[in-house]
1. Mind checking the per residue accessible area of the chain for me, 1.4 Å probe, whole number of Å²?
2. Over the Cα atoms of the stretch 160-210, each weighted equally, I'd like the Debye log10 I(q)/I(0) at q = 0.19 Å⁻¹, rounded to two decimals.
3. Using a simple charge model, +1 on the beta-carbon of Lys and Arg, -1 on the beta-carbon of Asp and Glu, nothing else, what dipole does the stretch 46-116 show about its Cα centre, in debye to the nearest 20?
4. Mind pulling up the Rg/Rh value for the stretch 304-356? Radius of gyration and Kirkwood radius, both on Cα.
5. Kindly flag which residue pairs out of Lys109/Lys233; Lys204/Lys233; Lys109/Lys238; Lys134/Lys247 have an alpha-carbon separation exceeding 23 Å in this structure.
6. May I ask you to list the lysines whose Cα is less than 17 Å away from that of Lys97, ignoring any residue fewer than eight positions away on the same chain?
7. What number in nm² do you get for the chain if you take the convex hull of its Cα atoms and divide its surface by four?
8. Using a 1.4 Å probe over the heavy atoms of the protein chains, calculate the carbon and sulfur portion of the accessible area of the chain as a whole percent.
Amino acid sequence: MVDHQLLYEARMIGGNRIFISVQSDLFDYLIEKEIEIHEFREDLIAVKIQTELYYLRLPFDLPIYQLDDNEWKAFEDELWIGDIKPDSILKLCSPKKYEVIFSTNRGNKLTETPEISENLGIQMFKVGFLISYKSNNPYIAILLKRNDKKTVNICCYNKCSVNEQKMELLFDPQEKLLNIVPSFLGKGNTLVQVLNDSGAVCFKEYCENGQLLSVPIENSFIPYFVQFIEKPKGLSLKKERILKEYKETFYGYEDFENKLFEIRLVRYDMFIQNRPIRNQLKLNSMYIHFRRMADMTHYIGRVVSMTAGKLIDFSRLGDVEIEICGDVKNGNMEIALTKDGDGLLLDRPNRKILDDLDDLNAPDIYSYVINLEKREECR
């Protein structure tokens, strides 16, 4: 059979999916597929012509690779030395020939230059020799170059390490839960461990890449240590290896009750020629007292100033509504303060909050930044 008009396309979409389109004189319909990378096969396109089933082997040019008979992966997905056998073959899905260079993590080129063979748009070369480099190199980079001068790397990791760019440590202050999503380069017998400031283990569990772990946090305002550990497999004299440790302090909203926090700065609008200009100002000795929790993000509180070492309650203002507006960053958090729905006013010359709402010349404050580290207990 001769196909006089074969049109086909294969391209990456969204980073981890492949779109494939095939049109031919041999069949009267358009084939379109959208698949995950791991679903890719060389005989993916099956067509029925008359009563016979045929498989089309088309020379797609895609940035994916396959080790032996494992699933196909994107170039940016790493290899693991433990998956490589002495006779392992790496396959590239491309009809265009690559130049392959092997390099250590220090940039030193390896002397090995394996022969590249090609079969129906798939390039293949041996990688079993990489096993001999696993002891002294964290990883080996496989550099792929073509005539179009595009260079890509496939990294073969010999040791497990934490991928800090993708690691997630997200604290839910309403539920007082630390949500951990580990990300590792390479594979290992890994676990996560959380310790409090006295060194007691609060949580310890084996984990995998991308697995969600939720850790209850009992106490706010104290440091915790989140450790990612590689544990030797089986019976081994090797010690556990700490891959990475994070020191974090967490702040659960319910623990703000009866706390007095320093107001570091306020943000307000100044009107110049009837145009609002955003400004911010550091305050002198101003505090907010979180007296009573109204709901998960709202409190009833009091504004307080400090004069000559004594706390002065703003009795004219009385109780104010506190709304928690932002996440904690470097021990600071954004809040909003209102009195019966109205914003509070700024005493700019004295760098304080006014103890009334009647000054028509004082600017409205729309945002407050409080220092969670500078606090007092109030009863």
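The values are calculated or read from the model by the stated rules, or taken from the named source; none is laboratory data. Bear in mind that the values here come from a model prediction, so they are computed numbers and not experimental data. For neighbour counting, all protein chains shown are included, and Cβ atoms are generated from backbone atoms with ideal geometry for every residue, glycine included. Areas reflect the complete protein model, heavy atoms only, side chains present, ligands, DNA and RNA absent. Shrake-Rupley method; radii C 1.70, N 1.55, O 1.52, S 1.80 Å.
1. 58
2. Those come out to -0.73, one per q.
3. 240
4. 1.00
5. Those over the limit are Lys109/Lys233; Lys109/Lys238; Lys134/Lys247.
6. Answer for Lys97, where 17 Å is the Cα cut-off: Lys126, Lys145, Lys149, Lys150, listed by chain and number.
7. 31.9
8. Carbon and sulfur: 45 percent of the exposed surface of the chain.
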